[in-house]
Amino acid sequence: MAEDARGAKDAEDAEGAGAAGQAKGAAAAGLAVELAGVTFSYRAAPALDGVSLKVPRGGFWAIVGPNGSGKTTLLRCMSRALRPQAGAVLLEGSDVMALAARDVARRLAVVPQATPGEGAEFTVAEVVLMGRQPHLGRFETEGAGDWEAVRRALEQTQTLGLADRRFEELSGGERQRAVIARALAQEPRVLLLDEPTAHLDLAYQVQVLGLLQRLNRTRGLTVLAVMHDLNLAAQYFDSFMLLARGRVCAVGAAEEVLTAANIGRAYGGDVLVSRHPVHQRPLVTLVRGAGEQGGEQAGGGPATGEGVGEAALASTTPTAATTAAATAAAPGPAPNHASAPVPAPAEGAFTVHVIGGGGAAGHLMAELCRCGWRVTAGVLNRGDSDLERAEGLGIRVVTVPPFTPVGPREHAQNLALAKAADAVVMASVPFGPANVINLEAARAALAAGRTVVLVDEAPVSGRDYVGGAAAAAHERLVQGGAVVAGSVAAALRAIERAAGGTGSWTE
Amino acid sequence: MMPRKGAAGDQAAAGDLAAAVLRRRRARRALIAALSLALLTVGVVALTVGAVAIPPATVLRCLFGFLPGPGPAPDPAQMAIIVMLRLPRVITAAIVGAALAVAGAILQALFRNPLADPYVIGASWGASLGAVAVMVSGISVSFLGLSAVPIAAFLGAIAAVLVVYRLAREDGALPVLTMLLAGIAVGSLLSAAVSLLVYFADRRLHQVVFWMMGGLGGATWAHVAVGLPYLAVALGVAFFYSRELNAMLLGEETAQQLGVEVERAKRVMLAVTALLTAVAVSLGGPIGFVGLVVPHMVRLGSGADHRQLLPAAALAGAVLLVAADTLARTVIAPTELPVGLVTALGGSPFFIYILRHRRRMRFFAGRGG
């Protein structure tokens, strides 16, 4: 009897099942969710101010933004929990406020932020079974199809083993996965998640996002997740919406949205956007938070240096904002390094030229920039991690194509930069035939009376792949008065002395 | 990253899953069977005791007309005592107990608060005001075989809940916290009004005070005939809202996201509890603690799932009140104690006990209690 009822209901719901079951191709026709000028305020201050967004079926979206930017409010509007004061949320073309809760719940499931204690007395299986609520009539009991949906949801979230445990006995991570299982048991076409990885350890973060990605790819499930961890989001999500103060700050692919300028504008801190070494997605690193301008430099280093650091930051903050506006307005992918996240001191500041390569100079360059000096570098091969770092730091660099020896033109440019600098630092670079000529730049700088610092984290003999020529050139530099530093820290101290206390390096 | 099991293992797991949950449900159904048996037993015992002791065999013969084996046939006097006096009283007690316990269980889920009882929505003070007003004014009309007091109590309870409902409504929604506060406010106001009436009720003071302690002394078949349909309808509606109540324990927003029309469910549940409370109070006066304590007691055995909790609470409430009423009329016979006194005397220590073992009430954690 129950089977018959389920059959009839399935037929009635065939349209939904078909769309959910098929891959993106068929479903791509329409929009899963459309936000049209959604405006909502809790009291007087608007939490959302005219937010518009079109999410096609099969979209895989991360909603990012600082605390209080309206992410959760937006999710609650989308799930019909809040009624927008203006604008509308369209779920597959229909206004959610005009739909019954049940109709919304059959198409859209929500994984809320963890709410400890709610439903603690139920077992995991019972809680996940509640996901079948929108599919069951008032006088109906769960049938085999419902149990199968529950089992699948439990298995996908690796909570099958927890099925008979009481909700209150679970750890935060287990609870989060059980709630995701409940949402999956709803067999929705759109899944909204509010910080789904907040309570998960690394392995489960990867597992949950991988699961969402797989459901998105194989079953065309449209996913919108509020994410706090930008890097984790960048690793998985296809599309991004950046919210700030209730407004849309940027929309698009990770590369378009997660730029230093956008993030700086939304979050108010200084960040470095580089590329992840493995999957090449944007990698966001906080350089300096909004509320700690120059603060990290207090308590050490020369007093004058502190002033320089702060001044440099203050003078470049408006620049960053202007760039941000330009980036947001320009269509198409914007290069991440177009705007320097770390203030590049004006011409005329104490300048340090770095001879790097092979990844040896990344830390050194970052530290030099942090001290507030102007930094240049050369000659670096494209594809070298040092180059990526330098570009992320907004450093002027002389480059050559990958695996290509330094040519006469690049060498000349490098020489010019080295001579123009107040000091030259040579990182613990391995020297081969392609780059041994860079040693010449150090010699020229020394000859021109510049301070030259050799960072010898490893003895030069071990880095010499040109049969002793590099070691010999190194020896001549030392003879000529170059300072040998055993570490980046020692090198920074040496430059500090040469700069006469205009830097701000602290240990 | 994701270890996968074979398809056969998956199938077995689905079966296991359903089996585990169904096993749990079956165990809880056993609880319901046990409570049914307990109700029958308590009911028969209640029919045997009183001013005239009647042996159980006679009671059963009387109820069912026959019983195999030897024994005297019930004489007409015994028959009259059982059928006309004791049976309606026992059934009324069962109705009142069931109504209070189910109303309490629903309201605890609705408010997600372990301290909620049928009286938080203002019903008992409304009923008291109605009943006391009738007693003090000396009005005596009767309708469907009921005197004016239960009718006034019923109407008073419904009116008070309507006032609370109107006060708590905000933009078409019914925030439970506002409803709780409105219930308390309206209750205080009504209790002041009752006190005022009592203060001037020198002539009928004893009747008023006795009524307000709760009692089933005057129960007749008319009470049963009026109470039973209400109880049946209210229990039926509540039972078919069990899944909604379960979902609402996860929070209103989550329930809504699971497809529950939360506001409608709240209105329906408020109407159901108002009806149950009004029936209980009009038949038995404001009897305390049953609605508060029985749901907690039952939850220990039935779990939080309202599909088991509601029927179990109904049965347990009935058992408890039939037992309490039997004690009330026998313990210092021929004088009768108010049954509300008995439930309060027994209920308070139990309530103190659950307060000290609150771990078992953790499904409310983070809320109220």
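Only one of the numbered conditions (1) in contact (Cβ under 8 Å) with a residue 24 or more places away in the chain; (2) within 24 Å of A:A458 (Cβ to Cβ) is not met by A:L417, and that is (2).
Listed by position, the helices (runs of 4 or more DSSP H) contained in region B:152-259 that have at least 2 residues being free of Cβ contacts under 8 Å to residues at least 12 places away in the same chain are B:176-199, B:205-212, B:221-240, B:252-257. Among the criteria (1) under 21 Å from A:L91 (Cα atoms); (2) within 12 Å of chain B (Cβ to nearest Cβ); (3) not hydrophobic (A, V, I, L, M, F, W, C), the one A:R214 does not fulfil is (1). Annotation note: of B:L37, B:L100, the sole residue that is modelled with pLDDT of 90 or more, assigned to a helix (DSSP H, G or I) and either among the charged types (D, E, K, R) or under 28 Å from B:R267 (Cβ atoms) (or both) is B:L100. When region A:145-170 is filtered for residues that are more than 10 Å from chain B (Cβ to nearest Cβ), surrounded by 19 or more Cβ atoms within 10 Å (Cβ to Cβ) and assigned to a helix (DSSP H, G or I), the ones remaining, listed by number, are A:A153, A:L162. Would you mind stating whether A:Q205 is within 13 Å of chain B (Cβ to nearest Cβ), under 26 Å from the mean Cα position of the chain (by Cα), over 25 Å from B:A255 (Cβ atoms) and assigned to a helix (DSSP H, G or I)? Against the criterion (within 13 Å of chain B (Cβ to nearest Cβ), under 26 Å from the mean Cα position of the chain (by Cα), over 25 Å from B:A255 (Cβ atoms) and assigned to a helix (DSSP H, G or I)), A:Q205 qualifies.
Whether any residue in region A:86-93 is crowded, with 21+ Cβ neighbours inside 10 Å, farther than 22 Å from B:G172 by Cβ and of a type in the set (D, E, K, R) is what I want to check. No, there is no match, as no residue in region A:86-93 is crowded, with 21+ Cβ neighbours inside 10 Å, farther than 22 Å from B:G172 by Cβ and of a type in the set (D, E, K, R). Listed by first and then second residue, the pairs with beta-carbon distance under 6 Å, at least 6 apart or on different chains, first residue in region B:19-39 and within 13 Å of chain A (Cβ to nearest Cβ) and of a type in the set (V, I, T), second part of a helix (DSSP H, G or I) and crowded, with 17+ Cβ neighbours inside 10 Å, are B:V21/A:A125. Among residues of region A:91-103 being of a type outside the set (K, R) and either touching a Gly at 6+ places or on another chain (Cβ under 7 Å) or under 18 Å from A:V179 (Cβ atoms) (or both), the one that is nearest to the other protein chains (Cβ to nearest Cβ) is A:A101. The set of residues from region A:131-144 being at the interface with chain B (Cβ under 7 Å from one of its Cβ atoms) and more than 17 Å from B:L250 (Cβ to Cβ) comprises A:R138, A:F139. Checking each residue in region A:356-375 for being crowded, with 24+ Cβ neighbours inside 10 Å, at pLDDT 85 or above and not hydrophobic (A, V, I, L, M, F, W, C) picks out A:G356, A:G357.
Output yes when any residue across region A:78-90 is under 30 Å from A:L202 (Cβ atoms) and either free of Cβ contacts under 8 Å to residues at least 60 places away in the same chain or more than 7 Å from chain B (Cβ to nearest Cβ) (or both), and no when none is.
yes
Kindly indicate whether B:A313 is buried (at least 17 other Cβ atoms within 10 Å of the Cβ), within 21 Å of B:M248 (Cβ to Cβ) and modelled with pLDDT of 80 or more. Answer is yes for this residue. Name the strands (runs of 3 or more DSSP E) wholly within region A:227-282 that hold at least 3 residues that are among the hydrophobic types (A, V, I, L, M, F, W, C), in contact with a Gly (Cβ under 7 Å, 6 or more places away or on another chain) and farther than 20 Å from A:R214 by Cα? Of the strands (runs of 3 or more DSSP E) lying wholly inside region A:227-282, those with at least 3 residues that are among the hydrophobic types (A, V, I, L, M, F, W, C), in contact with a Gly (Cβ under 7 Å, 6 or more places away or on another chain) and farther than 20 Å from A:R214 by Cα span A:239-244, A:270-275. Only one of the numbered conditions (1) facing chain B (nearest Cβ under 10 Å); (2) within 20 Å of B:E263 (Cα to Cα); (3) under 37 Å from the mean Cα position of the chain (by Cα); (4) crowded, with 23+ Cβ neighbours inside 10 Å is violated by A:R106, and that is (4). Do we have any residue at all in region A:180-187 that's closer than 25 Å to A:R76 by Cβ, under 27 Å from the mean Cα position of the chain (by Cα) and among the basic types (K, R)? Within region A:180-187, not a single residue is closer than 25 Å to A:R76 by Cβ, under 27 Å from the mean Cα position of the chain (by Cα) and among the basic types (K, R).
Among the residues of region A:110-130, those that are of a type in the set (G, A, S) and either more than 7 Å from chain B (Cβ to nearest Cβ) or surrounded by fewer than 24 Cβ atoms within 10 Å (Cβ to Cβ) (or both) comprise A:A114, A:G117, A:A120. Given the structure, is B:P55 of a type outside the set (A, V, I, L, M), touching a Phe, Trp or Tyr at 6+ places or on another chain (Cβ under 6 Å) and at pLDDT 80 or above? No, not satisfied.
The values are calculated or read from the model by the stated rules, or taken from the named source; none is laboratory data. What you are looking at is a predicted structure, and each value in this text was computed from that prediction instead of being measured. Cβ atoms come from the backbone with ideal geometry, glycine included; neighbour counts cover every protein chain shown.
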